[in-house]
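The values are calculated or read from the model by the stated rules, or taken from the named source; none is laboratory data. These figures come from a predicted structure and were not determined experimentally. For neighbour counting, all protein chains shown are included, and Cβ atoms are generated from backbone atoms with ideal geometry for every residue, glycine included. Each accessible area value is taken on the protein alone, full model and side chains, heavy atoms only, with ligands, DNA and RNA left out. Shrake-Rupley method; radii C 1.70, N 1.55, O 1.52, S 1.80 Å.
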Amino acid sequence: MEKETKAPARFTLPGLTAKAGRAVVGILQQRLTAYTDLHLTLKHVHWNVVGPNFIGVHEMIDPQVVLVRGYADETAERIAALGGSPDGTAAALADSKSTQSYPLKRANAQAHLDALDTVYSAVIRDNRDAIAKLDELDLVTQDMVIGHTAELEQFQWFIRAHLENSAGQLEPAKSKVT
């Protein structure tokens, strides 16, 4: 369940009620937290991936880092436009993070990709929940989250292409750590 902002907004966007604006801000704050966590997780993988597929995964991750960081920025700016105050601090991330901590440190590419698949599934699922809630609140914000979700799904496809066997089934990593 989304939290409404602690302090009431001084304003919201034209055509939205103050109550709807606060609800949208609450939804977006959760997305901001998720995107900030995903950005940091991706950078962590970028720094800690090892093994035969190191360079391919290392280089595949950086464009994802840049785009997800952009999602966080766009989301924070939307919160501000709605009259809210985006909170991207480490304390806010720690206090409101809904997902588990990333389980791997230095590990082979397959192990990291397997773990990232789980992370992407959670972010995409939560985005889809947000999209459904935004349908009644704010279609402009919903459109933004839909765009983010479409690209996240493409990223997950990139990850899954490394995990998929020739029969089209996902194979979990054989070894979690190198």
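Out of segment 144-163, which residues are in contact with a helix residue (DSSP H, G or I) (Cβ under 8 Å, 6 or more places away or on another chain) and under 16 Å from residue 60 (Cβ atoms)? If you could, list the steps in order and put the result at the bottom.
Our first condition is that a residue be in contact with a helix residue (DSSP H, G or I) (Cβ under 8 Å, 6 or more places away or on another chain); within segment 144-163, this holds for 144-146, 148-149, 151-153, 155-156, 158-160, 162-163.
Of everything in segment 144-163, those that are in contact with a helix residue (DSSP H, G or I) (Cβ under 8 Å, 6 or more places away or on another chain) and under 16 Å from residue 60 (Cβ atoms) turn out to be 151, 152, 153, 155, 156, 158, 159, 160, 162, 163.
Return yes when residue 59 is open to solvent by 30 Å² or more (accessible area, probe 1.4 Å), more than 23 Å from residue 154 (Cα to Cα), acidic (Asp, Glu) and modelled with pLDDT of 95 or more and no when it is not. Taking the combined requirement at face value, the residue does not satisfy it. Looking at segment 18-46, which of the residues that are under 18 Å from residue 139 (Cβ atoms) and in contact with a helix residue (DSSP H, G or I) (Cβ under 9 Å, 6 or more places away or on another chain) is surrounded by the fewest Cβ atoms within 10 Å (Cβ to Cβ)? Going through the qualifying residues, I end up with 23.
Residues in segment 100-141 that are exposed (fewer than 15 other Cβ atoms within 10 Å of the Cβ) and either charged (D, E, K, R) or in contact with a His (Cβ under 7 Å, 6 or more places away or on another chain) (or both) were compared, and the one that is nearest to residue 15 (Cα to Cα) is 136. Residue under question is residue 147, and the condition is that it be in a loop (DSSP other than H, G, I, E, B) and surrounded by fewer than 17 Cβ atoms within 10 Å (Cβ to Cβ); does it hold? When the stated conditions are applied, residue 147 does not pass them. Candidates are the residues of segment 133-178 that are basic (Lys, Arg) and closer than 19 Å to residue 46 by Cα; the one that is modelled with the lowest pLDDT is 176.
Which of the residues that make up segment 68-99 are among the polar types (S, T, N, Q) and open to solvent by less than 60 Å² (accessible area, probe 1.4 Å)?
Step one: of segment 68-99, the residues among the polar types (S, T, N, Q) are 75, 85, 89, 96, 98-99.
Answer for segment 68-99, where residues must be among the polar types (S, T, N, Q) and open to solvent by less than 60 Å² (accessible area, probe 1.4 Å): 75, 96, 99.
Annotation: of all residues in segment 1-35 being assigned to a loop (DSSP other than H, G, I, E, B) and basic (Lys, Arg), the one that is modelled with the lowest pLDDT is 3. Across segment 75-102, the number of residues qualifying as within 13 Å of residue 25 (Cα to Cα) and part of a helix (DSSP H, G or I) comes to 7. Residues considered: 122, 130, 111, 115. Of these, the only one that is at pLDDT 95 or above, in contact with a Pro (Cβ under 8 Å, 6 or more places away or on another chain) and in a helix (DSSP H, G or I) is 115.
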